[in-house]
Structure formats: structure tokens, C-alpha cells
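One structure is given below, encoded as C-alpha cells.
Coordinate-derived values only; no laboratory data. Because the structure is a prediction, the values reported are computed rather than measured. As a convention, Cβ positions derive from the backbone with ideal geometry for all residues, glycine included, and neighbour counts pool all protein chains shown.
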């Protein structure tokens, strides 16, 4: 597919690559803006979900990969449920984040990235998520003191809802193997 | 009647009272829950954000454990865990290349006969509201409840295949059967902000603030939910003191099961005042 603009031909290789990898037919988008209208985190994004789709169509790889939008998506799937062309933007955002990290782009929302990583590391260690070690890793790496969460966090700890010791699976080796295979094949 | 049961990581931590109340309620209903052996994390939001394959293989290991247990359909209390298990199931069922890759990595053979059900679906459509109603000892006296579904139970509807994605009724019907009065409101499927609460608490405070104030405006005395993260965000990030129950806790009140005190003390906003003034404590 070749698109002509006043500036000349548009390189559609980025669009093709993202469509193939995400399985989402982004060429169908006619900018009805339903995705952005229903998106609860759109007000905090630098580009709105409908902009991201258009930018991909226009081949703006760097701008998309370095956007805050791909990190602010919380996968609530309101957009994908309402899209008249059945484009699942949540899956698109997942794909873009994964591609951005593989291609060495800088995560515009560093802390969101670090939090996801800390969570994954916690699961990799014992097969189950453990809040205390996960939050410690996140705080150390991000230097985010989590001032807004500290007080309620301490209360939850006192209520026995943040146990100090993690609950571990017996099949740690199985989990390790899954992690190795899923990381190696990327 | 019996079901396989996937508790999820927060069963031991941030949603302790969800698991405790679920077990008491199922005991009262005479339905057995068999915890699947050596289950692991469903992958949660973090894995699909950065590693799609891992986000499918982690739930697939749980699916393989549930298959070998042969203890009936897999019942999942947490809406988040439910949606990630269903997402993996969708690939295992409908994408042959994807299925082969996952089977090879996890080391199992997928059997499409295993059903994966949200706990609320189990109660409504397997156990049945008639049976629940038979066991009600303390009707909820017209307690005004806002039923909050959030994202994961109803979206994406093709994956979760559960209720209407814009105006779901499952929790509303359940609450009615317990003698509560579910309120009509427009925010039942709006997102609570999920794990942005950790990195952008001010954003989540705004999102939660809207949900809680709209519930209050609709006349609700409390909100009920089926998701651990929603419950925590709604309790932690609001200023108005509206109690947030897991739906199993309200079932426990109506069925008048034991050890409820052990649930109330886990809440950041104590629901005891409301229960007392409604004649339920």
C-alpha cells in the first residue's frame, strides 16, 4: 500500500510490521475517535489512541515508540470493545511497548516500565507475585519514594495484607524454564 | 457439586478477605472448591505489557494443572486473573501455531474441554440464585449497593464471554437475590486505573474519585466488586469513606456465615458502621 501526501510517498513498512505483529488491522481505522472518547487515561497521554493509529499509518516509528501514550494504556479494553472496525488498541499498545523495548527505544514513562519489570522479576523469582520485594525493587530502581502510597501501604501491612515472606511455588524450575524460553525466543 | 479453584497471588495478601469470604460462602452453599496444585501467578498486567509470550505461558501452566486435577470447571475469583486465563485459553483454542508454541514451552497438551469461569458466573449459572436464596438467613434489608464490574470481567467480551460489556447485570442480580437494592449508575464498567496507582497515584485518585462520587450520587451506601486491584484502589484512593465490599462478603452477611469479623478488620474503610446501622451486624 502506498499513500501519497503533499510531502510525497509515505513509507508503509512500519504499518505493515505493526499490523503483522499485533494481528490488528490498523488500515481500517477511519478516525471516528470512539477509542479516545472512551479512554480513561487519554487525558494524560502525549498523543491520544486515535493519533497513535494515524501516526503508525504515516510511518512515524520514532514518535510512536517514544510516546508516553504507549505506557499510559492500562489495557482496560474500552477502546477495543467499542471500535466499529474491531481494532483492539490494547493489544496494539502491548505490541508497541514490546517492540519499543526490543528496538532499544527509551521508555518515555520510565517508572511505569520499571514497575512492570519489578513485577515480572518478582514472579520469576518464586512463581507468584510478592508485593514487598516487588515494591522494594521498584523504589530502589526508580528512586520513587511513593509518598502517596506509603501511609496506606503501612496500614495494609499492619492488617496482614502485605506479608513479609513470599508464597512460593514448588515447581520453581518449571517457572524458570518458562521464563528462559519466553525471553530467549524474543 | 465441585470446582477447581485458582486463588491467585492476592489471595494470600492484598485481597485476603476475598478468599476467606469465598471459602465460607461456598461451605455454606455446600459446594466444594479444590485449589489447583502448585498454581502460579496469572501473569497480571505487567507480563502482557512487556512480554506477550510469557503472558500466555504463565496462565497456561495453571490451565495444565487444572486439567490434571480433573476436579471440574476452573473457578476464578479475581476478575484480573480470570481475564488473563481466558486470554490464554483463547489462543489455545483458536490459534493453532500459538497453541503449539505454548504447549511446547509449558510441556502439556491442551484439552479444550476444561471450562474457565469467573466466580460470579459459577454462582449465577452453575449453582443458581434459587439455591443461594434458599440459604439466605439475613436478607440485606434493601442495602443500596453500587455494583462495580470494572474492566476485566466484561472486556473484551469476545474473550470473557460474560454479560453485557456496557451494562452488565450479574452482580446486580446476585445482590437483588440477597435482598439488597442495586442502584442504577453509569460508572459500573469504568476503569479504576489499575496499577497506575503505584506510579501515578494522583491520576488514579481522580479516576477513583469519579467512580466513588458517582456511586454516592446514585444513592449507594457501598460499592461491591469482584477484583482485588479494583477493591484496593477504590478503598485506598477515595476521600469519602464509602465502604467497598467483595461481593462474597455481602453474600457472607446474607448467608450469615462465621468468622466475618476476620474480614472486616482487613478493610481500610471499615464497613462495620454501615452494617450496624442497616441492622446486619
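Quick notes
- By average C-beta atoms within 10 angstrom, highest first, the peptides B:167-177, B:56-66: B:56-66, B:167-177
- Degrees between helix A:110-126 axis and first principal axis of chain A (Cα, 0 to 90, nearest 10): 50
- Residue B:265 paired with residue A:143, simple spin-label distance in nm, labels 7 Å along Cα-to-beta-carbon: 4.2
- For the residues of A:96-103, the average number of beta carbons from a partner chain within 10 Å of their own beta carbon is 2.
- Using the empirical formula 2.2 N^0.38 Å as the baseline, the Cα radius of gyration of the stretch A:3-102 reaches a ratio of 0.99.
- Each of B:39, B:185 was scored by other Cβ atoms within 10 Å of its Cβ. Arranged with the fewest first, they read B:185, B:39.
- Projected label points at residue A:21 and residue A:177, each 7 Å from Cα along the beta carbon direction, are separated by 2.9 nanometres.
- Length-normalised contact order of chain B in % [C-alpha pairs under 8 Å, at least 6 apart]: 20
- Nearest 10 degrees, 0 to 90: helix B:79-94 Cα axis against chain B principal axis: 30
- For chain B, projected area of the alpha-carbon convex hull averaged over all directions, nm²: 13.6
- Ranked list, fewest to most other Cβ atoms within 10 Å of each Cβ, for A:179, B:6: A:179, B:6
- By the helix-only formula, in which each DSSP H run with n ≥ 4 contributes -39500 (n - 2.57) and the sum is divided by residues, chain B has a 222 nm mean residue ellipticity of -13500 deg cm²/dmol.
- Mean partner shielding of peptide B:160-172, defined as the number of other chain Cβ atoms within 10 Å of each residue Cβ, is 1.
- Principal-axis tilt of helix B:52-69 within chain B, Cα atoms, nearest 10 degrees: 90
- For the stretch B:98-190, convex hull of alpha carbons as volume per residue, Å³: 122
- Mean separation of Cα contacts under 8 Å, 6 or more apart, over the residue count of chain A: relative contact order %: 16
- Helical mean residue ellipticity (222 nm; -39500 (n - 2.57) per DSSP H run of 4+; nearest 500) of chain A: -16500 deg cm²/dmol
- Across the stretch A:110-184, the relative contact order, built from alpha-carbon pairs under 8 Å that are at least six residues apart, equals 37 percent.
- Extending 7 Å from Cα along the Cβ direction at residue A:62 and again at residue B:97 yields two label points whose distance is 3.2 nm.
- A simple packing score, the average count of other Cβ atoms within 10 Å per residue, orders the peptides A:78-89, A:21-32 as A:78-89, A:21-32, with the highest score first.
- For A:135-142, mean number of other protein chain Cβ atoms within 10 Å: 1
- Taking the C-alpha atoms of the protein assembly as shown, convex hull volume expressed per residue in Å³: 136
- The stretch B:136-277 shape via C-alpha gyration tensor axes, a/c threshold 1.5: oblate
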